[in-house]
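Data block below; observations after.
The values are calculated or read from the model by the stated rules, or taken from the named source; none is laboratory data. From a predicted model like this one, the values you see are computed outputs, not experimental measurements. In this analysis, Cβ positions are derived from the backbone assuming ideal geometry, glycine residues included, and neighbour counts consider all displayed protein chains. Surface accessibility is based on the protein's heavy atoms, side chains included, excluding ligands, DNA and RNA. Shrake-Rupley method; radii C 1.70, N 1.55, O 1.52, S 1.80 Å.
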Amino acid sequence: MVSPVFVGRDTELAIARELLERIAAGDSAQLLVAGEAGVGKTRFVEELAASARGNGTRVLSGRCVQLGTDGLPFAPVAEALRELVRETGTQQLDELLGPARELVSRLVRSSAPSTDEPALTSSQLLELALGLVERLSEERPLLLVIEDLHWADRSTLDLAAFLTQNLRGLPAALVFTYRSDEIDRRHPLRALLTGWERGRTVTRVELARFGRDEVRAQLAGILGDNPDANTLNLVYDRSEGNAFLVEEMLSVVRSGDPRGLPPSLRDVLLARVDHLSEPAARMLRLAAVAGRSVPERLLVAVSGMDDTDALAAIREAVEAHLLVVDEAGYGYRFRHALARDAVYDDLLPGERVRLHSTYSDALARDLQLLRDSDLSVSASLAYHAYAALDLPRALHASVSAGREAMAGLAPRDARAHFERALEIWPRVPADELPPGVDQADVLALAGEAAYRSGEMERAATLMAQAVAELPADASPERRALHMQISARSTRDTGGVTAAVEQLEEALALLPEDPPTTVRAELLASLSTALLRNRVVDRAAQVAELAIDAARAVRMPRVEADALITRGYGQADMGRVEDGIASTRAGRELAVDSGDALTAMRGFINAADLLESIGKSADAVREAEAGMAVAQRSGLVRSLGAYVTGNLVESLLHLGQWQRARALIDDTLAAQPEGIFEASVQLINAELNLRTGDVAGCEHAVARCRGLLIDPDDQQFTHPLAMLTAELHLVGRRFD
C-alpha cells in the first residue's frame with residue numbers, strides 16, 4: 001500500500017535539509033510543513049528524520065491527538081519524552097532531565113496525576129521544557145518533530161510558540177506539520193501562524209499534490225513495476241495527485257472493476273469498508289467513534305463480541321490497511337485520519353449517539369480500559385458522554401477532567417473542561433448534580449485555571465462570578481476563601497486598592513479566635529496587598545497576625561510569605577537589620593517547604609534590603625542564590641528577572657559593569673514578559689546612561705513605560721522619573 005521509494009519533493013527536501021546543516025553548525029532552525037490532508041506530510045518528515053539520524057542528530061517526535069473538539073494536553077510532548085526515556089540510559093537520562101525531572105515524570109506516566117503535587121505555573125513549565133531542550137542539544141544536535149499542529153491543545157500551542165521564540169543559538173530544530181485546508185480565521189492555530197509569518201522566524205514549505213509523473217513513480221514503487229496507462233490514468237484522475245488517495249484508488253482498482261470507481265473522496269474511502277465483513281465493519285465504526293486511535297482492550301470491550309471474534313474482526317480491518325497497530329503497541333489507529341473522518345461522518349445521527357453511549361458506559365464501568373493509553377479517563381468519558389447527550393455523566397466527568405488537567409500541568413485545558421461543566425450545569429436536574437461541589441465551586445476552579453495560565457482578566461471575571469454565585473447559606477469561611485482568591489486576581493490586574501478592600505471585607509466575616517487556615521491565608525494576602533499599596537505600618541502589623549495564625553494552624557507556606565512581608569515593612573520603617581532577618585527566615589522556611597514562588601520573593605526582598613544599606617557584596621550573594629533557585633524552578637523569565645535587576649544594581653555599585661551588561665543581555669534575550677521585563681529595562685536604562693549610551697537609555701525607558709500595568713506603582717514611577725530627569729540634564733533641557 002505504501003511506496004518503499006520516497007517520491008518527489010526535491011525542492012522542499014533541500015530546504016528542510018538546510019535546517020539540518022544549520023543545527024550541525026550550532027544554530028537553531030524552525031520549519032513548518034503545510035499541506036492538505038493526505039498530501040504526504042508525515043512521509044516527508046519521516047524522510048527528513050531519517051536523514052537527521054544518519055548525521056548523528058537526536059530525533060524526537062510526537063503527534064497531537066484529537067479528542068472531540070479539543071486536543072489532548074501535551075500529547076506530542078509526552079510521546080516524544082517517552083521516546084527519550086526508552087533510548088537513554090538511567091544515569092545519562094538523569095543528567096539530561098536536570099530540573100525538568102518532575103515535569104517529565106508527570107508528562108510521561110499514564111496514571112492520573114495527584115492533586116496534592118505542587119503546582120507549576122505555565123511560565124515555569126515553559127522554562128523547564130526549554131531547559132530540557134537546551135541540555136539535549138548541548139549533547140548533540142536535536143530535531144524535535146510535532147505533527148498535526150491543527151489538533152494541538154492550547155498548552156501545546158503555547159509551548160510551540162515559546163520554543164520557537166527562545167531556541168536562538170542552540171543546535172536544535174523544530175518541525176511542525178499541519179493541515180493548511182483546516183485553518184480558518186477562527187482556528188486557534190491561526191494567530192500563531194500569522195505571528196510566525198510576520199516575524200519571518202520560521203521557514204515554511206507547502207507540499208503540493210503530485211503531478212502525473214510523480215503519481216507514476218509512486219505507483220511503480222508500490223507495484224514493483226510501472227503501471228499500465230489505464231491504471232495510471234484512472235488513479236491520477238480520481239486522486240488528483242493526493243498521495244494518500246493514490247494508494248486508496250489503486251486499492252480500489254486492484255480489487256475489482258476499474259469502471260466502478262466511485263466519484264467522490266468519501267465514496268473512495270468507504271468503498272473498501274464495504275468489502276469488509278459486518279463484524280469488521282462494526283469494529284471500524286467503533287474505532288472511528290473513539291478517535292484516530294483506540295486501545296485494544298477498550299475496543300474489544302465496547303464491541304460486545306467475545307475476545308476471539310473481536311480480535312478476528314480487528315485483524316480483518318488491519319489486513320485491509322484501514323487500521324494499523326499504534327506506536328505504543330497497545331492499540332490501533334486509522335492509517336490516515338481521512339479514513340476515520342469518512343467512516344465517522346457516514347454514521348447516522350442516532351447511530352453515532354448510541355456508539356458514543358457504548359463507550360461512555362464501558363468507561364464508567366471499568367476505568368482500567370484506558371490503562372495502556374495516553375488518554376485521560378475523565379476527559380474521554382466527558383467527550384463520549386457529551387456526544388451521547390448524557391449530560392449528568394458529562395458534567396461529572398468534565399469537573400474531574402478539569403481537576404486532572406490542573407494537576408497534569410495543563411491549566412488552559414482545565415479551564416475548557418470547567419467551562420464546559422458550567423455550560424452543562426443549568427441543564428442537569430438538581431438531584432443529578434455532582435456531590436460536594438456547586439456552581440460557585442466550579443466557577444472558582446475555572447478562575448484558578450485561568451489564573452494559572454496567565455489569563456488574568458478572565459480569572460478576575462470568573463472569580464467575581466464565583467463570589468456572586470455563592471448560596472445565601474454559604475459558610476463565612478467559604479465566602480471569605482472565595483473572596484480571597486478573587487482579590488488576588490483583582491490585585492494582579494492592577495486593582496490593588498480594590499483588593500485591599502475585598503480582603504478586609506472577607507476578614508470581617510471570620511472570628512479572630514480560634515485561628516483557621518482561611519484566616520491565616522487572608523491575613524497574609526492582606527499584608528502583601530497593603531505593602532503593594534504603600535500602607536507600610538499596617539502591612540507589618542497584619543503580617544504579624546498572619547505569622548501567629550499560620551503557626552497556630554501549621555501552615556509553613558503562609559508563615560514564610562508573612563515573614564517576608566513583615567521584613568520588608570520593618571525595613572521600610574527604619575528597622576532594616578530586623579527586616580533582613582525576618583525576610584531571610586521566611587525565605588529559608590519557603591525553601592524547606594518546597595515553595596519556590598515564595599522563596600523567590602524572599603531572595604528578591606533580601607537582596608534589595610541588603611543593597612539599601614550598602615552591603616552590595618552580601619546582596620550579590622543573596623541574588624546569586626536566588627538565580628540558582630529560579631533556574632531549578634523554571635522561574636528565570638518571571639521572578640528571576642526581578643533577581644537579575646537586584647543583582648545588576650549591586651554589581652554596578654561594585655564596579656562590575658561588564659558582568660552587569662552580560663546579565664542584562666542574557667535576561668532580555670530570554671524575553672521575560674510584562675512587568676518582569678520592565679524591571680530589567682529599568683536597570684538597563686541606568687547602565688546605558690552611565691556608559692554614555694543615551695539612545696539606549698531612552699529606548700529602555702520608553703520600553704519600560706509601555707510595559708507597566710499600574711501607572712501609580714512607585715517602585716517603577718520613581719526610578720523612571722529619576723532617569724527621565726537625568727536624560728533631560730544630558731540633553732541640557734534644564735527647564
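Pulled fully out, how much extra length does the chain show between ARG315 and MET722, if you take 0.36 nm times their separation in residues and subtract their Cα-Cα distance?
So the chain would gain 138.9 nm between ARG315 and MET722.
Any idea what log10 I(q)/I(0) is at q = 0.16 Å⁻¹ for segment 131-194, Debye with uniform C-alpha scatterers and no solvent?
-0.56
Please give me, ordered by residue number, the trypsin sites (Lys or Arg not before Pro) of segment 525-629 that lie in loop per DSSP and have at most 13 other Cβ atoms within 10 Å. Walk me through the numbers on the way to the answer.
Numbers: sites: ARG532, ARG534, ARG538, ARG551, ARG554, ARG557, ARG566, ARG575, ARG584, ARG587, ARG601, LYS615, ARG621; in loops: ARG534, ARG554, ARG575, LYS615.
Listed in order of number, the matching sites are ARG534, ARG554.
State, to one decimal in nm, how far the label point of PHE6 lies from the label point of VAL730, with both points 7 Å from Cα in the Cβ direction.
Placing both labels 7 Å beyond Cα along the Cβ direction yields 5.3 nm.
Determine, from the Cβ-Cβ distance of ALA695 and GLU206 and an R0 of 45 Å, the FRET efficiency 1/(1 + (r/R0)^6), rounded to the nearest 0.05.
It comes out at approximately 0.65.
Using unit Cβ charges (K, R positive; D, E negative) and no other charged atoms, how large, in debye to the nearest 20, is the dipole of segment 437-545 about its Cα centre? The partial results should precede the final answer.
Values: 10 positive and 17 negative charges, 76 e Å.
Using only the charged Cβ atoms, the result is roughly 360 debye.
Kindly provide log₁₀ I(q)/I(0) values, in the same order as q = 0.14, 0.18, 0.19 Å⁻¹, from the Debye equation applied to equal alpha-carbon scatterers of segment 185-339.
Normalising to I(0) and taking log10 leaves -0.85, -1.06, -1.09.
May I ask you to list the residues of segment 509-532 whose amide nitrogen lies under 18 Å from a point 7 Å from Cα along the Cα→beta-carbon direction of GLU501?
Within reach of a label on GLU501: 509, 526-527, 529-532.
Ignoring ligands, DNA and RNA, please state the percent of accessible area on segment 310-376 from carbon and sulfur, probe 1.4 Å.
Roughly 52 percent of what the probe reaches on segment 310-376 is carbon or sulfur.
Near ALA480, within a Cβ-to-Cβ distance under 12 Å, what is the net charge of the other residues, with Lys and Arg +1 and Asp and Glu -1? Kindly include the intermediate steps, with their values, before the conclusion.
Working: positive: ARG478, ARG479, ARG519; negative: GLU477, GLU504, GLU505, GLU521.
Net charge in that neighbourhood comes out at -1.
Pick out, in residue order, every one of the GluC sites (Glu not before Pro) in segment 419-527 that is DSSP loop and has at most 10 other C-beta atoms within 10 Å; say none if there are none.
GLU512
How big is the C-alpha Rg of the chain next to the rule-of-thumb value 2.2 N^0.38 Å, as a ratio?
1.09
Where does segment 4-66 land on Rg/Rh, using Cα atoms and the Kirkwood Rh?
Rg/Rh: 0.96.
Got a sec? Which residues in segment 150-165 would a label at ARG198 touch, if it sits 7 Å along Cα→Cβ and we count backbone N under 16 Å?
Correct set: 161-162, 165.
From the helices alone, meaning DSSP H stretches of at least four residues, give me the mean residue ellipticity at 222 nm for the chain, per-run term -39500 (n - 2.57), in deg cm²/dmol to the nearest 500.
Per the formula, -21000 deg cm²/dmol.
Report the calculated FRET efficiency for ARG101 and ALA581 (r = Cβ-Cβ distance, R0 = 45 Å), to the nearest 0.05. It would help to have the intermediate numbers written out before the result.
Details: r = 34 Å, r/R0 = 0.75.
Taking R0 as 45 Å, the efficiency between ARG101 and ALA581 is 0.85.
If you restrict to DSSP beta bridges whose two residues both lie in the chain, what percentage is antiparallel, to the nearest 5? Can you show the working numbers first?
On the way: 8 of 30 bridges.
Taking every DSSP beta bridge with both residues in the chain, the antiparallel ones total about 25 percent.
Suppose the chain between HIS275 and GLN92 were pulled fully straight at 0.36 nm per residue; how much longer would it get relative to their current alpha carbon spacing?
Separation in residues times 0.36 nm, less the Cα-Cα distance, equals 60.8 nm.
With every protein chain kept in place and ligands, DNA and RNA left out, what is the accessible area per residue of the chain? Probe 1.4 Å, answer in Å².
Here the residues of the chain average 43 Å² of exposed surface.
In nanometres, what is the gap between the two model label sites at VAL353 and ARG621, each 7 Å from Cα along Cα-to-Cβ?
7.3
What's the local net charge at PRO279, with K and R +1, D and E -1, over the other residues with C-beta under 9 Å away?
-2
Which whole-number percent gives the relative contact order of the chain, counting Cα pairs below 8 Å spaced six or more residues apart? List each step's numbers first, then the result.
Values: 1151 pairs, mean separation 67.8, N = 735.
After rounding, I find 9 percent.
As an exercise, use a Förster radius of 51 Å and the Cβ-Cβ distance of GLN368 and GLN656 to find the FRET efficiency, rounded to the nearest 0.05.
Efficiency, from the Cβ-Cβ distance: 0.25.
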